[in-house]
Amino acid sequence: MKEIRMVDLKGQYEFIQPEVTEEINKVLETTSFINGPAVKAFQSDLERYLDVAHVIPCANGTDALQIALMGLGLQPGDEVITADFTFAATVEVIALLRLKPVLVDVDPKTFNIDPKKIEEAITPKTKAIIPVHLFGQVADMESILAIAEKHQLYVIEDNAQGIGATYSFKDGRKAKTGTLGHVAATSFFPSKNLGAYGDGGAIFTQDDDLAHYIRGIVNHGMYKRYYHDVVGVNSRLDSMQAAVLKVKLNYLDFYNERRKEAALRYTALLKDHPNIITPYNAWDCDAHVYHQYTLRIVNHDRDGLVQYLNEHNIPCGIYYPVPLHAQKAYQDERFREEDFVVTNQLVKEVISLPMHSELDQEQISFIAQHLLEFLGN
Ligand SMILES: *Cc1c(COP(=O)(O)O)cnc(C)c1O
């Protein structure tokens, strides 16, 4: 059996190595390392893939979130609602811009922001909602968009874990995640579903004016060379990363399909155990791209299981061990423990198993067998 890895970037690379080498060599030949043709080519390929008017590449996913917020012209003290159960980058950028992060609890089945809790958290200062498509599953966008419209709020999708997922509206209309709100941010961190060989990120929007404004923000607030109209940042996707991403974008659907197959295999082996809750698929199978395959271990020893798996050379992860409301950096006297019942429970129960496009049946069976062995089957 192949060594089990949490993500297998090596195995994935070997499969596409000739194409990647060719594209990287082209960048080397042109020496157009910044804003070269590879960046433009990737940008337009991704616009076509997502069916979105504008993709604005930038340096990483955290920057993408920050720049998306900057683009909306929010003022210090404005409130931005997001989930208590997500990676810290989402709240970090809110706080960094002197906006107020308002954290709300999540749905115990999907782990995504609970629309009912969003409504309860809205005040006259609320300006935006950031749903995160956590672990690759689309948030309840139809409800979130309805709330946003009712209260005149912006919706910024954190699509760092959800790229390639398709959301189906009740009327049958389908659209890719990242094109559903006013603006979206994604990350091309190597372990993401569409990962570069270094850092990268992008902002998506259908809005021409917002796209124009954001293109200036990522480039020191310049709309004309050396004329700085707004305070911007320097955030670029370099040409080498764009070259890699351009190749890998052609495989994104294939990679996500392989992840789904792996998830189905895991679920078939694990779903009947009384101490395991397998991932819930709220919409349909295109609405979850399994960035992570995350179980809940109920009424049992989750931490003991982590240790047991590690002893058997099975890597696993706890995403995330601490709710954001309990993080030192984001303390707020308005947070009350009873408002975060679900997140407080999830951080004690979740465990993410190895998940990537190279995982084979033998590895999945081996992992599942050890899990069941520890839990007692
Ligand atoms: C990875 C990630 C980010 C940040 O992306 P970076 O490229 O690492 O800056 C933001 N939000 C979520 C939910 C993520 O998973």
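The values are calculated or read from the model by the stated rules, or taken from the named source; none is laboratory data. Worth saying up front: this structure is predicted, and the values here are computed from it rather than measured. Methodologically, a virtual Cβ is constructed for each residue, glycine included, from the backbone with ideal geometry; neighbour enumeration extends over all protein chains shown. For accessibility, only protein heavy atoms count, side chains too; no ligands or nucleic acids. Shrake-Rupley method; radii C 1.70, N 1.55, O 1.52, S 1.80 Å.
Checking each residue in the range 52-89 for being of a type in the set (D, E, K, R) and within 10 Å of the ligand (Cβ to nearest atom) picks out only Asp63. Within the range 120-137, the only residue that satisfies the criterion of being farther than 15 Å from Ile156 by Cβ, within 16 Å of the ligand (Cβ to nearest atom) and not in a helix (DSSP H, G or I) is Gln137. In the condition set (1) under 30 Å from Gln369 (Cα atoms); (2) in contact with a strand residue (DSSP E or B) (Cβ under 7 Å, 6 or more places away or on another chain), His220 is compliant with all but (1). Scanning the range 143-164 for residues that are part of a strand (DSSP E or B) and more than 14 Å from the ligand (Cβ to nearest atom), which turns out most open to solvent (accessible area, probe 1.4 Å)? Among those residues, the one meeting the criterion is Tyr154. Scanning the range 322-347 for residues that are open to solvent by 20 Å² or more (accessible area, probe 1.4 Å), in contact with a strand residue (DSSP E or B) (Cβ under 9 Å, 6 or more places away or on another chain) and in a helix (DSSP H, G or I) returns Tyr330, Asp339, Val342, Gln345. Condition check for Asp140 on (1) within 16 Å of the ligand (Cβ to nearest atom); (2) closer than 19 Å to His291 by Cβ: one failure, at (1). In the range 81-102, the residues that are under 16 Å from Leu134 (Cβ atoms) never reach a residue that is more than 10 Å from the ligand (Cβ to nearest atom) and among the basic types (Lys, Arg) with C-beta atoms less than 7 angstrom apart, at least six apart or across chains. Only one entry of Tyr197, Tyr223, Tyr213 meets the criterion of being of a type in the set (Phe, Trp, Tyr) and in a helix (DSSP H, G or I), and that entry is Tyr213.
Please pick out the residue among Pro321, Pro274 that is farther than 19 Å from Asp107 by Cβ, free of Cβ contacts under 8 Å to residues at least 40 places away in the same chain and within 16 Å of the ligand (Cβ to nearest atom).
Checking each option against the conditions leaves just Pro321.
Scanning the range 165-194 for residues that are among the aliphatic types (A, V, I, L, M) and not in a strand (DSSP E or B) yields a total of 3. Looking at Ser239, Ser235, just one residue is outside the structural domain of Val289 (by TED's automatic domain parsing) and touching an Asp or Glu at 6+ places or on another chain (Cβ under 6 Å), and that residue is Ser235. Considering only residues that are open to solvent by 30 Å² or more (accessible area, probe 1.4 Å) and within 16 Å of the ligand (Cβ to nearest atom), look in the range 192-218 and name the one that is farthest from Asn256 (Cα to Cα). It comes out as Asp199.
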